[in-house]
Every structure is written in C-alpha cells, then in structure tokens.
Amino acid sequence: MKKFLVVEDSPIVIKIIKHIAKLDPSLHFDTATSYKEAKTLLEDNGIDKYLAAVVDLNLPDAPDGEVVDYTLSLKIPTIVLTGSYDEHKRDEMLEKPIVDYVVKESRFSYEYVLKLIHRLHKNQHIKVLVADDSKTSRKFITTMLQPHLYQVIEAEDGQQALEIIQKDSNIKLLITDYNMPVMNGFDLVKNIRREVDKNSLVIIGLSTQGSGGLSAKFIKNGANDFLSKPFSHEEFHCRILHNIETMEHVETIQHAAYHDYLTDLFNRRYFYEKGEEALSNSHKKGTPTCLALIDIDHFKKINDVYGHDAGDHTLKEISVLLKQAFGRFIFARMGGEEFCALMPGLDINKATTLLENFRELVEDHIIMLDNTSVTVTISAGIASDENNSLDELMNEADRQLYNAKEGGRNQICAAS
C-alpha cells in the first residue's frame, strides 16, 4: 500500500495515529507539522508517492484550511481533521471534493481515519458504472466518486449500461437513474439480475420521484438500495460504503467456504460442485475428460523428521506448483497430502503427459526447511471418462494411485 501524508501540528494527535497504525504493518505515513513542511514534502517526494492526505483544518501557518485547498489542487484524496464541530465549517468543507470531515473527539476518530485509508486503497480496484441520461447528473455523481478513488465508467441509458456490464464482469457497483430512454432503471435491474446476483454486483437506484413505492419497486426488482434525489454527500457515501462492505463480507465468507485454509487452493466442496457441472458439460459436448488423484510420497516422514510446520510449508510449495501446472483446469486439495484435478478436453494420453511433466517438476523442486534443502516426489492415478459419474472417476483414479504406490511411488499410473 502507498504511504499517506499526515499534516498535523499536534504531537499528541501524531502519537495516537502512530500508535494505532503500528497495529497494521501495511500502514505507512509521513508527517508534516505545517503547511510549509507539507508543501516541501510533496514537492520533494512527488504526489504519486501518497495514497491520500490527512490534514488538520487549522495550522499555525494555514489557519483557514489553506492546506486542504492545496492537497485538493494536487488531486490528492483528502481527509480533513478538525478539533471542534462547526456546522457552517462542516458544510463548507463538504462542498469541496474531500473524502470526509472528521472531528478529533477520541481514539475512534483516528481509527475511522485509518479505516478510510484502507477503503481508499481497496477502492482503486473497484469499478463503478453510473447510468443516467442526464450528462449533468452523471458528472455530479462521478465528481462525488472520484475523490474516493473508484474507477468510474458512465452510460447514458439502460441499454448501454447493460451492454457494458455484460462485457465487463469486474464492475462491482451500478448507480442507476430510473428515468432513462431506450431502457429505464427497472428494466435494467431486471435484466442484470437474470445473470448477476446481489452478492456479485451492488445496484443502487436513483430518482427524483422519491415516493416510497418507487424505492420499494426498485428493491423488489433486484436493487440493493435506493436514494432519492437530492441526497447529501454523507448519505451517498454511507450507503455506498455499507453496500460495498456487505458485498466484501459475503465474498470473504464464500472464499472461506470454497478454499482450503492452509494452501488457499479450492477445497473438496468446490471440486465436487464445479466438477459435477464440468463433467455434465463434457458429456453433452462429447469431449474427453480425465481425472487425476495426486499424493505426496512419504509425506508423514516430513512431519516426523522436520515437524508439522515443515509439513505445512511443503504443502504450500506443492500447491504453488499445482497452480502452475493445472491452472486452466478444476483442481483442489482433497485433504491431507492428496490433491485432485479434473481435466476437461484432455484424453488419457495428454493427461498422462501433463502428469508426467508435473511429476518431474515436483521431483526437481528444492524445498527449504529450516536451512535444509529437501525434495519430495508425487504419485498419481488417472481415470478416463466414459460417461462415468464423478464418484466413479474418483474411485478408478484411486485404484490407479494405489497401483502407483505399490509400484514403488514417484510414478503415474493410468487406466488402460
């Protein structure tokens, strides 16, 4: 993560921020105690070095917030700190393209600031689509989003927005107006939800027709949330933040459900769900498919001799090689030292060649365990699909794996 800049004349505030930031090794920042010092730092280091600036509203050489205008003029996302709450000053600041306005009340205020820094870092990778037939409205929303570092794309009607989303699966947030030509907001949401669920794409509806019925209709048609125009700067960003974080929490849970905690490979559950689907497609298309069960030879000896941490490290190393060799296929850690790969499109000869190459890759790979270099080998069994079920393929591959083990290990056996 890039550094951020703290412009603050209070040693106590700087000390608190340093203390909280120490708890997170990804957070690094420079400090300036005056407008002059901040200007020198930015001129010497360059603005590209900094993700954002956290600036005090009242500095000895900039008592009227001049440093805020300076960092904004450099297009640096700016979080404003103030020692006291002033409604007029707050409104004045929120008229500017700042990230947020934070009162220095307690430790929680500074924790919130650091949370905003993390959010800005994440936002750089989030694509947002704004759909509105009014160029003025699109520009207004885009101007609110850009200081938060979102990647913003614009569409001038529902049809154009739908086409953009169909071409770009990386869009995570859609902000759409209701009244649009060609395709209105309701129809846009309905069409999107046929293909993309709420956990993969957040949709927030907008309209000047702020009746309860309109908001309910938007949400019933698949939107995650709704805002009536005009809305405040803070409400807009609070709604977006809430929905984005909810989506990210769901993604975290889904990742945990389908991934092995140690190696971050897919797990048995994922393999069976996606494997059944892929095998069914292969049967429909009549394409060859093979399944391989892979086992690390004498893995127990590594645990016994070097300890379980060394065993975990070995599993991680082999997992990296597995990703290199089988990245285009469905593969998973099935448990312990056993892995599985389903290879749609490969006949038995091609699958055997791939597994032989992988066996050689593993055999030649040096693993460092407590300053000791070791090597391991793998054995594998391959089954070829003949309109079998996934379980039948697994059983046949397991029999072939047994043959490979009985034959002396470090070899590949395939069903003839």
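Values in this text are rule-based calculations from the coordinates and carry no lab data. Treat the numbers as computed from the prediction; the structure is a model and nothing was measured. Cβ: placed from backbone, ideal geometry, glycine included. Neighbour counts: every protein chain shown.
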### Query
How many lysine pairs are close in segment 268-414, with Cα atoms under 25 Å apart and the two 8 or more places apart or on different chains?
17
#### Entry: Karplus-derived 3J(HN,Hα), 6.51/-1.76/1.60, for each residue of segment 227-235, Hz, glycine and proline x
10, 8, 7, x, 10, 7, 3, 5, 4
### Query
In percent, how large is the relative contact order of the chain, given Cα pairs closer than 8 Å and 6 or more residues apart?
9 percent
### Message
Across segment 125-256, what fraction of all alpha-carbon pairs, as a whole percent, falls in each successive 5 Å bin from zero upward?
### Response
2, 11, 23, 26, 22, 12, 3, 1, 0
### Task
Taking all pairs of distinct Cα atoms, average 1/r, flip it, and tell me the Kirkwood hydrodynamic radius of the chain in Å to one decimal place.
25.6 Å
### Query
Residue by residue, what Karplus-based ³J(HN,Hα) values in Hz, rounded to whole numbers, does segment 5-18 have, using 6.51, -1.76 and 1.60 with θ = phi - 60° and x for Gly and Pro?
10, 10, 10, 7, 8, 8, x, 5, 4, 4, 5, 5, 4, 4
### Task
State the volume of the convex hull built on the alpha-carbon positions of segment 262-350, expressed per residue in Å³ and rounded to an integer.
85 Å³
### Query
In a solvent-free Debye calculation with one equal scatterer on each Cα, what is log10 I(q)/I(0) for segment 3-121 at q = 0.10, 0.13, 0.20 Å⁻¹, listed in the order of the q values?
-0.25, -0.44, -1.13
### Query
When you count, for each residue, the other Cβ atoms within 10 Å and take the mean per peptide, how do 105-111, 295-301, 130-136 rank with the highest first?
130-136, 295-301, 105-111
### Task
Arrange the peptides 154-167, 240-253 so that the one whose residues have, on average, the most other Cβ atoms within 10 Å appears first.
154-167, 240-253
## Note on the structure
With +1 at each Lys and Arg Cβ and -1 at each Asp and Glu Cβ, the charge dipole magnitude of the chain around its Cα centre, to the nearest 20 debye, comes out at 480 debye
### Task
With +1 on each Lys and Arg Cβ and -1 on each Asp and Glu Cβ, and nothing else charged, work out how big the dipole of segment 235-333 is about its Cα centre, in Debye to the nearest 20.
500 debye
### Query
Can you tell which of Asp347, Asp30, Asp370 shows the greatest fluctuation in a Gaussian network model of the chain with Cα springs below 10 Å?
Asp370
### Query
So what J values fall out for segment 406-416 if you push phi through Karplus, 6.51 cos²θ - 1.76 cosθ + 1.60 with θ = phi - 60°, rounded to Hz, Gly and Pro as x?
5, x, x, 6, 6, 7, 10, 10, 10, 5, 7
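Which values, in whole Å and largest first, are the semi-axes of the equivalent ellipsoid of segment 96-181 obtained as the square root of 5 times each eigenvalue of the Cα gyration tensor? List each step's numbers first, then the result.
Values: eigenvalues 182, 45, 14 Å².
Working through the eigenvalues yields semi-axes of 30, 15, 8 Å.
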### Task
Please give every one of the lysines within straight-line cross-link reach of Lys172, meaning a C-alpha to C-alpha distance under 16 Å, and leave out same-chain neighbours fewer than 8 residues apart.
Lys122, Lys127, Lys198
### Query
Non-local amide H neighbours of Thr78 (under 5 Å, H modeled in plane, Pro and chain starts lacking H): which ones?
Ala53, Val99
### Query
Taking every eigenvalue of the Cα gyration tensor of segment 268-414, multiplying by 5 and rooting it, what semi-axes result, largest first, whole Å?
28, 15, 13
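What value, in deg cm²/dmol to 500, does the helix sum -39500 (n - 2.57) over DSSP H runs of n ≥ 4 give at 222 nm once divided by the residues of the chain?
-15000 deg cm²/dmol
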### Summary
Once the dipole of the chain is set up from charges on Cβ (+1 Lys and Arg, -1 Asp and Glu), the residue from the list Leu149, Phe236, Asn410 lying farthest towards its positive end is Phe236
### Query
Once amide H atoms are placed 1.01 Å from N in the peptide plane, what residues at a sequence separation of 5 or more from Ala62, or on another chain, have their amide H within under 5 Å of its amide H?
Tyr35
#### Entry: Distance from segment 193-272 to segment 341-378 (C-alpha centre basis), Å
40 Å
## Note on the structure
Residues meeting the amide H criterion for Lys3 (H placed from the backbone, H to H distance under 5 Å, 5 or more places apart or on another chain) are Leu51
